[in-house]
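So the structure is just underneath, and the comments pick up after that.
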Amino acid sequence: MAPPIVVQVVVDKPLAQGFDYLWDSEKLGAAPQVGRLVEVPFGRSSLVGLVIKVSAHSDFEIDKLKSVTKLAPLPAFEPAALRLINFASQYYIHALGETIIPTIPQMWKKPENWEKIPTKLIASAEKKKKKSTGREKRRID
């Protein structure tokens with residue numbers, strides 16, 4: 001049996017540490033990666049969080065860990081952006097989750113909207129493409 005994959009996730013709460021969750025690659029359809037936006041169970045609700053660490057072990061019993069419920073259809077945050085947000089977290093003496101989650105767009109904070117993100121990104125790209133081709137035509141004329 002393969003060893004469990006444990007990810008540490010930070011959420012928008014005034015808590016200094018991240019929380020360990022199990023990662024099911026088959027269910028989520030991807031391998032874990034630092035910087036991915038996920039939905040996790042937290043208390044009696046679900047929250048959006050960011051994966052900050054991938055490991056094969058946890059300080060807690062594996063049987064008691066909850067699983068990541070959903071993966072956002074977005075690329076992972078760039079390492080440079082994560083370093084900047086980590087610096088801001090330390091500089092302003094805020095928890096990492098309290099620093100990261102407010103910086104993301106509002107739509108990304110709602111897992112029920114995640115299915116709409118790829119179509120909105122494509123529509124936005126097409127809109128920009130039309131604007132740029134319209135400008136090029138005006139320059140040529």
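No lab work stands behind these numbers, since they all come straight from the coordinates. On a predicted model such as this, the values are computed, not experimentally measured, just so you know. For neighbour counting, all protein chains shown are included, and Cβ atoms are generated from backbone atoms with ideal geometry for every residue, glycine included.
List the chymotrypsin sites (Phe, Trp or Tyr not before Pro) within the stretch 19-98 that fall in a DSSP loop (any state other than H, G, I, E or B) and whose Cβ has at most 11 other Cβ atoms within 10 Å. Passing sites in the stretch 19-98 are F60, Y92.
Given their separation in residues at 0.36 nm each and the Cα-Cα distance between them, S46 and N86 gain 12.0 nm when the chain is fully extended. Helix 117-140 and the longest principal axis of the C-alpha atoms of the chain enclose an angle of approximately 30°. Shape analysis of the stretch 52-132 based on the Cα gyration tensor places the equivalent ellipsoid semi-axes at 30, 20, 12 Å, largest first.
Using the beta-carbon distance between H57 and K13 and R0 = 25 Å, what value does 1/(1 + (r/R0)^6) give for FRET efficiency, to the nearest 0.05?
0.55
Each of T69, T133 has some number of other Cβ atoms within 10 Å of its Cβ, and from fewest to most they run T133, T69. When the chain is treated as a GNM with alpha-carbon contacts under 10 Å, the residue of L84, L37, L50 showing the greatest mean-square fluctuation is L84.
Entry note, the chain: the mean residue ellipticity at 222 nm calculated from DSSP H runs of n ≥ 4, each adding -39500 (n - 2.57), is -10000 deg cm²/dmol after division by the residues and rounding to the nearest 500. Remark: the K27-E98 segment gains 22.8 nm on full extension, using 0.36 nm per residue and subtracting the alpha carbon distance.
Specify, per residue and in Å³, the volume enclosed by the convex hull of the alpha carbon atoms belonging to the stretch 5-111. Intermediate values should be presented prior to the final figure.
On the way: hull volume 11.0 nm³, N = 107.
Once divided by residue count, the hull of the stretch 5-111 is 103 Å³.
What pairs in K13/K64; K109/K130; K53/K116; K64/K110; K110/K130 have C-alpha atoms more than 23 Å from each other? Distance filter (> 23 Å) returns K109/K130; K53/K116; K64/K110; K110/K130. The loop-placed trypsin sites (Lys or Arg not before Pro) in the stretch 1-109, going by DSSP, that have at most 12 neighbouring Cβ atoms within 10 Å of their Cβ come out as R44, K66. Under a cut-off of 22 Å between alpha-carbon atoms, report the lysines in cross-link reach of K131, not counting same-chain residues fewer than 8 places apart. Within the straight-line limit of under 22 Å, K131 reaches these lysines: K120.
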